[in-house]
Amino acid sequence: MIVQQVDGSVSATTSTGAVLTVTFGPVDGTHHRLTGFNIDRDTLLALAATASPSPDGIGGIIDPGVGPAGLTETAVGAYFESWFVPNPANQMQLPAASWSDGEDRSIWYMTIEQDPSLLGLGRLGGTGCDGVTDITINGHAGYLATGTRGTATNGFITIGWADDTRTVLVGTRGFTPTEASQLAERLRPATDVERQELLSTQPTTPPANRIGRSPTSVPEG
């Protein structure tokens with residue numbers, strides 16, 4: 001198909017609801033991707049026809065007048081893998097840690113300082129997975145996304161939820177959804193003593209590709 005006089009395509013994710021994605025480009029050197037949730041194909045294509053990069057270089061612009069009634073801009077930011085990270089959070093380092101048993105099981109953890117109302121944008125990113133389920137983690141609304149990158153027996157699971165000031169993301173590989181949920185519910189903020197102990201084990205200048213502390217085995221507690 002042709003969108004803004006260049007080649008484009010529409011893909012659908014049906015396992016998690018009415019999710020459509022339009023990709024097209026390049027237009028003036030820029031490739032575009034517009035994803036809609038519960039928006040019909042014709043409307044999404046009409047929105048794509050109006051899409052352009054923002055003059056300030058952050059995010060993009062669409063004409064809400066051709067979209068559903070009440071369509072408004074919620075936030076501006078960037079996507080980290082499949083998760084939306086709003087400004088100014090995407091302009092700073094995101095606290096993260098990862099663990100692995102060195103074989104086929106791993107866990108990673110990340111927090112994003114953002115308004116809890118933006119959790120739905122992260123959930124929309126999860127629609128590219130095999131399925132997304134609404135869950136509750138320690139009294140907070142969240143979602144669980146499953147996928148099978150790699151082998152079907154070693155699929156990944158991502159859990160996201162929001163408290164008053166931040167979104168928490170936990171990803172696992174080699175765990176069942178129940179095990180992943182139990183791990184997420186056991187997370188708690190580190191104490192000052194624990195934080196200082198962790199910092200004391202880190203090099204002054206971390207390697208460029210270091211995400212966080214990686215014990216030789218998956219923690220049991």
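The values are calculated or read from the model by the stated rules, or taken from the named source; none is laboratory data. Source: prediction; values computed, not measured. For neighbour counting, all protein chains shown are included, and Cβ atoms are generated from backbone atoms with ideal geometry for every residue, glycine included.
Summary of computed values
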item: Asp104 being surrounded by fewer than 21 Cβ atoms within 10 Å (Cβ to Cβ), assigned to a loop (DSSP other than H, G, I, E, B) and either at pLDDT 80 or above or in the same structural domain as Ala12 (by TED's automatic domain parsing) (or both); result: yes
item: Residue that is surrounded by the most Cβ atoms within 10 Å (Cβ to Cβ) [pool: residues in the range 2-55 that are modelled with pLDDT under 90, hydrophobic (A, V, I, L, M, F, W, C) and not in a strand (DSSP E or B)]; result: Ile39
item: Number of the exception - Thr151 against (1) farther than 20 Å from Thr111 by Cβ; (2) modelled with pLDDT of 75 or more; result: (2)
item: Residue satisfying all of: in the range 107-147; of a type in the set (S, T, N, Q) and farther than 21 Å from Asp163 by Cα; modelled with the lowest pLDDT among these; result: Thr127
item: Lone unmet requirement of (1) at pLDDT below 90; (2) in the same structural domain as Tyr143 (by TED's automatic domain parsing); (3) surrounded by 10 or more Cβ atoms within 10 Å (Cβ to Cβ); (4) over 19 Å from the mean Cα position of the chain (by Cα) for Glu179; result: (1)
